[in-house]
1. Would you calculate a helix-derived [θ] at 222 nm for the chain, using -39,500 (n - 2.57) for each DSSP H run of n ≥ 4 and dividing by the full residue count, to the nearest 500?
2. Can you list the GluC sites (Glu not before Pro) in region 68-132 that are in a DSSP coil and have 10 or fewer other beta carbons within 10 angstrom?
3. Pull out the extension gain between Glu121 and Lys95, defined as 0.36 nm times the separation in residues minus the alpha carbon to alpha carbon distance; nm, one decimal.
4. Please report Rg over Rh for the chain, where both radii come from the alpha carbon positions and Rh follows the Kirkwood definition.
5. Stretch Thr74-Glu36 to full length: gain in nm at 0.36 nm per residue minus the Cα-Cα span?
6. Search the structure for amide H atoms under 5 Å from the amide H of Ile93, placed 1.01 Å from N in the peptide plane, and list their residues when 5 or more places away or on another chain.
7. Write down, largest first, the equivalent ellipsoid semi-axes of region 10-70 in whole Å, where each equals the square root of 5 times an eigenvalue of the alpha-carbon gyration tensor.
8. Can you figure out the FRET efficiency of Tyr23 with Lys48, using R₀ = 30 Å and their beta-carbon distance, to the nearest 0.05?
Amino acid sequence: MLGQTRIFSWKSKREQEAEAEAYEKWAFPYGTAQREKLQALLLELFPKESAAMTLIPFLTCKELFEDARREHETDELAARHLIYEVKKYKSVIRKDEMRVYTALVLADRRAGESLEYPSAEEIRRGATDAIP
């Protein structure tokens, strides 16, 4: 997904649009409202960053988490794996921010269709308390 950027694409515009739409549905299965809530929360968590500069690491973390989740039995083990392996992703996610992004990915999974997210403070607290 994120790591599959190509300079030269031999796909038609329609194929590229279909891929972009599929990625958007994967990233935000509950649509625009979910994207807006997440962006607002990200900007609250990282007030010195732009929306794009917080969304990219979040989506990268979400993708990495889902990959880790396939290998581990629980969300907590997958989260621990990401925290432990953070140095592998340092080009996209800063080490000191990985816990916050991982906590937000977990909150996003739990929010579901209701889109009831915890506050930024609860995310920060979860980043230090809930993720070993």
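1. On the way: 6 runs with 87 residues, N = 132.
Calculated from helices alone, the mean residue ellipticity at 222 nm is -21500 deg cm²/dmol.
2. Details: sites: Glu71, Glu73, Glu76, Glu85, Glu97, Glu113, Glu116, Glu121, Glu122; in loops: Glu73, Glu85, Glu116.
Within region 68-132, the qualifying GluC sites (Glu not before Pro) (loop, at most 10 other Cβ atoms within 10 Å) are Glu73, Glu116.
3. Values: separation 26, 0.36 × 26 = 9.36 nm, distance 1.92 nm.
Full-extension gain reported as 7.4 nm.
4. Numbers: Rg = 15.1 Å, Rh = 15.5 Å.
With Rh from the inverse mean 1/r over Cα pairs, Rg/Rh is 0.97.
5. On the way: separation 38, 0.36 × 38 = 13.68 nm, distance 2.78 nm.
Once the chain is fully extended between Thr74 and Glu36, it gains 10.9 nm.
6. Placed amide hydrogens put nothing under 5 Å from Ile93.
7. On the way: eigenvalues 106, 46, 28 Å².
Rounded to whole Å, the semi-axes are 23, 15, 12.
8. Numbers: r = 27 Å, r/R0 = 0.89.
The computed FRET efficiency comes out at 0.65.
Taken together, the values in this text are just the output of simple stated rules run on the coordinates, not laboratory data. Everything numeric here is computed off the predicted structure, so don't read it as measured data. Please note: Cβ atoms are built from the backbone with ideal geometry, for glycine as well, and neighbour counts cover all protein chains shown.
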